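The values are calculated or read from the model by the stated rules, or taken from the named source; none is laboratory data. All values derive from a computational prediction rather than experimental measurement. We place every Cβ from the backbone using ideal geometry, glycine too, and count neighbours over all the protein chains shown. Surface areas here come from the heavy atoms of the whole protein model, side chains and all, with no ligands, DNA or RNA. Shrake-Rupley method; radii C 1.70, N 1.55, O 1.52, S 1.80 Å.
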Amino acid sequence: MLEKRYEPKDIEKKWYDFWIEKDYFRAEAKSDKPAYCIVIPPPNITGSLHIGHALDITLQDIMIRWKRMSGFNTLWLPGTDHAGIATQNVVEKELQKQNTDRHVLGREKFIEKVWEWKKLYGGTIINQLKSIGASCDWSRERFTLDEGLSRAVKEVFVRLYEEGLIYRGEYLINWCPRCHTALSDLEVEHEDKQGKLYYIKYSFMDGNGHITVATTRPETYLGDTAVAVNPEDDRYKHLIGKKIRLPIINRDVPIIADEFVDASFGTGAVKVTPAHDPNDFDMGKRHNLPFINILTGDGKMSEEAGPYKGQDRFECRGNILKDLEETGHLEMVTDHNLAIGHCYRCKTIVEPYLSMQWFVKIKPLADEAIKAVKDGRVKIIPSGWENSYFDWMENIRDWCISRQIWWGHRIPVWYCQEMRNAECGMRNGTIVSRDEPKSCPYCGSGSLFQDDDVLDTWFSSALWPFSTLGWPDDTEDLNTFYPTSVLITGFDILFFWVARMIMMGLKFRDQEPFKHVYIHALIRDAEGQKMSKSKGNVVDPLKMTEMYGTDAFRFTLAAYAAQGRDIKFSEQRVEGYRHFLNKIWNVARFISMNVKEGEERALAVKVKNLSLADRWVLSRLSSVCSEINKALEEYRFNDAAGALYQFIWHELCDWYVEMIKPELYGDYEESKRAAFFTLVHVFEVSLALLHPFMPYITEEIWQQLPGKKEDESLCIREYPSTEDGIEDKDAEKKMNIVMDAVTCIRSIRGELNLSPSLELQALIKTSNSTENILKENITYLEKLAKAKNIEIGKEILPPKNAATAIKPAMEVFVPLEGLFDIDAEISRLSKEKIKIEEDIEYVKKKLSNEDFTSKAPQAVVEENKDKYINYLDKLQSIQNNIDKLNQWRESNE
């Protein structure tokens, strides 16, 4: 016998441990079953489970459990990412608490510290994934810095270098002064802010006049090497070729013509700072201008900044503006909207910075990846994301892959010490090798030193689908599971990761890394706001599972996951699905209380012995099985969840269980057996349908269902198909008519606020065919509608003083004589209406008060807005009921 209440905590641990012990999640390297593989987007080892992870993992687990039960050899390959910048930042903060830093420790000792940190805390996220039911093959867990993946990274780097697709060069990159490293364009987060546009006067060298330029970063004028105008701008054509003198530092620079200049921006004349602006960098290359770097790596002014040397960049800005104003060179300052770039890790404002870095020549790889999506080898779902993908890939810039940190894949490049002494004849100054070289291949010297930089974390992640399967070796896993089946992830890493995996997979496996990419939506709070710690609206998934159970939380996420629509997450929805679990649990208890010892679960009765209710529910089951499988095949998780909820809660629990209670408690043994066996069969199949969404409660109940089972766990039971039911459209048609009649009587009862225990008389006017169906099944009407003296026929006339409800095949009348005082009910509703109108007026005044809406907490304002809407809905409902009662009264006078 099941316990009275479902308590998730102990049950969840029990069954997860059981699945692990039985090795149900392990994939076979060789199998006759078709392969199905998902590689997990590897979470950072610094991370803990957030709601985006929870959605990601839930959807992947649904697919894996579904395919496992559908007879596939499933591999869900787990792992974690070393997260270079993020992890190094965490460990450096720990060192700060100990009054030391990585430079004091040295590189090797610091890396040892990071590995120690990983051993202590790096598994947190994995344990949290397990806690929400992730059925990964944990025997194959990988880490982006493990030995196998490190070998794959070196192999890819060397091959790309040998093909001329990796190069080292001085380039303008995004630089984080806090993390002291380069960032790719994707690692820079832009934030719109109100800034300033500064107009600076540059005097002509001959002393006759000046030209004014506009800039948002006045401190960078210290690195100016030209002023540019559009060659078609009549205002400045006569000045092209003249020279101006930069104020304070007195550097002379030319006025040049370049078509890139937008004549409508500012004054139409722009300062050119090739070492500190991407567009100026390109212009500087075109015009062979000098590149002057005015910043150091920590965001301070360099020697090139003259009198401002050593000042912080923002301190320098203030001082320069003061000096320019004092010398008469600051013409004016206006407001200007800016998109300020910040480091995605520490949120420091980044700087365009000229430095020597390693790059991937990405265009040849991107071209192939564009073709793969265009010709359908990779399908992005929803398809609307394809345009974003193409736009980014077609305008892609070379990928800066070097990072100035210590934690990560160190670049496999060495330099000969003798080069510095001009003793080595090495042509390009570098030795690129899979293994550490013993000596210089050019001069034989053993004095070699390795490049200090490490690779961008996303470089190793880009190899994830094939490196985790054993590449560069030709492994059985690689041959069985590559290409993988689907990648499920958020849109925020479509370019960071997904696009790069496609490029690398095509390059090194000559095949796309996955067939489908499913992009799920962003989870926002209940009001549609983006979740953030500063807003205090972040939802902790672990708290949700603690309060409501993992199954309720998972089902909520699946039910929300409509394609192409952001999710407005509400805790009330999780609570609602917790009630769904209770409903399922109660049906299981109902079955257990009605089972007789020795009875076996089987659909052993012949169809002719089944009642209309039995035939109807089996037909609905057949349809639902088809619907769920189709929805999952098309990644319509919300439709699958909705269909399951509708069938189990409403059709199975609310209708079928109530329909068969007379048979179960009656004396006719054959009907009783048919009803009970049908109930157990349909419920068992429903548990199997639901298992990928709610693995824990379904396993707990399934294990205790009566009868023999072919499998020892629900998670390996064959997933249901249409054959698990019996299609019977005639039964569905007849039962829909019965349910319509019951619904009509119930709606009248509800609208008139009549007691559920009160037996009502009903008259039903029908057509001939409907009449026969209702008369044959009058027992259902009496039981489900709590009705007596039911009259059915096409000659039925509307009685006086009766409530009416209409459905397409019938009119239902419930006489109210002696049951109901229409005038009294209208009076009651009218009083309730006045009270609601007063509430509406009160809330309306609050919301019209600017003091309230501007000063009250946002949550309180939103709560009052919701109240206002609810009151309006309630007022409309009351008015509808009053109108209906007045119509009934008039029709009966």
For this session: Check whether at least one residue in the stretch 608-625 is within 24 Å of LYS568 (Cβ to Cβ) and under 37 Å from the mean Cα position of the chain (by Cα), and report yes or no.
Result: no
Problem set entry | Output for the stretch 685-714, where each listed residue is in contact with a helix residue (DSSP H, G or I) (Cβ under 7 Å, 6 or more places away or on another chain) and among the charged types (D, E, K, R) | GLU699, GLU700
Exercise. Out of (1) more than 30 Å from GLU817 (Cα to Cα); (2) at pLDDT 85 or above; (3) not basic (Lys, Arg), the odd one out for ALA859 is which?
Worked result: (2)
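Residue-wise test of (1) part of a helix (DSSP H, G or I); (2) closer than 15 Å to GLY79 by Cα.
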| site | (1), (2) |
| --- | --- |
| TYR6 | no, no |
| LYS9 | yes, no |
| GLU12 | yes, no |
| TRP15 | yes, no |
| SER31 | no, no |
| TYR36 | no, no |
| PRO41 | no, yes |
| SER48 | no, yes |
| GLY52 | yes, no |
Seminar exercise, completed: If we take the stretch 478-587, then helices (runs of 4 or more DSSP H) inside it with 1 or more residues that are open to solvent by less than 30 Å² (accessible area, probe 1.4 Å), aromatic (Phe, Trp, Tyr) and under 30 Å from ASP32 (Cα atoms) are 499-509
Problem set entry | Index of the failed condition, ASP298 passing every other in (1) part of a loop (DSSP other than H, G, I, E, B); (2) farther than 30 Å from PHE157 by Cβ | (2)
Exercise. Within the stretch 321-353, restricting attention to residues that are open to solvent by less than 50 Å² (accessible area, probe 1.4 Å) and part of a loop (DSSP other than H, G, I, E, B), which residue is farthest from ASP456 (Cα to Cα)?
Worked result: GLY328
For this session: For the stretch 456-464, indicate whether the set of residues that are within 20 Å of ARG168 (Cβ to Cβ), of a type in the set (S, T, N, Q) and touching a Ser or Thr at 6+ places or on another chain (Cβ under 8 Å) is non-empty.
Result: yes
For this session: Specify which of the listed residues (ASP282, ASP262, ASP234) is assigned to a helix (DSSP H, G or I), surrounded by fewer than 17 Cβ atoms within 10 Å (Cβ to Cβ) and without any contact (Cβ under 8 Å) to a residue 60 or more places away in the chain.
Result: ASP282
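Here is a yes/no grid of residues against (1) part of a helix (DSSP H, G or I); (2) under 23 Å from VAL742 (Cα atoms); (3) open to solvent by less than 40 Å² (accessible area, probe 1.4 Å):
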| site | (1), (2), (3) |
| --- | --- |
| ALA643 | yes, yes, yes |
| ASP654 | yes, yes, no |
| GLU658 | yes, yes, no |
| GLY707 | no, no, yes |
Exercise. Considering only residues of the stretch 737-775 that are touching a residue at least 60 places away in the same chain (Cβ under 8 Å) and more than 46 Å from the chain's Cα centre (by Cα), which is least open to solvent (accessible area, probe 1.4 Å)?
Worked result: LEU754
Problem set entry | Which numbered condition GLU795 fails, given (1) over 24 Å from ASP883 (Cα atoms); (2) open to solvent by 20 Å² or more (accessible area, probe 1.4 Å); (3) under 51 Å from the mean Cα position of the chain (by Cα) | (3)
Exercise. Which one is most open to solvent (accessible area, probe 1.4 Å) among residues in the stretch 140-162 that are touching a residue at least 40 places away in the same chain (Cβ under 8 Å) and outside any helix (DSSP H, G or I)?
Worked result: GLU141
For this session: Show the residue pairs that are 6+ apart or on different chains and have beta-carbon atoms under 9 Å apart, the first residue being within the stretch 830-845 and over 18 Å from LEU885 (Cβ atoms), the second being open to solvent by less than 90 Å² (accessible area, probe 1.4 Å) and among the polar types (S, T, N, Q).
Result: VAL843/ASN864
For this session: Of the conditions (1) within 21 Å of ARG142 (Cα to Cα); (2) in contact (Cβ under 8 Å) with a residue 12 or more places away in the chain; (3) loosely packed, with under 15 Cβ neighbours inside 10 Å, GLU21 clears all except one; give me its number.
Result: (2)
For this session: Go over the candidates SER184, SER203 one by one and state the one that is touching a residue at least 40 places away in the same chain (Cβ under 8 Å) and touching a Cys at 6+ places or on another chain (Cβ under 8 Å).
Result: SER184
Exercise. Taking TRP66, is it within 21 Å of the chain's Cα centre (by Cα), not aliphatic (A, V, I, L, M) and not in a helix (DSSP H, G or I)?
Worked result: no
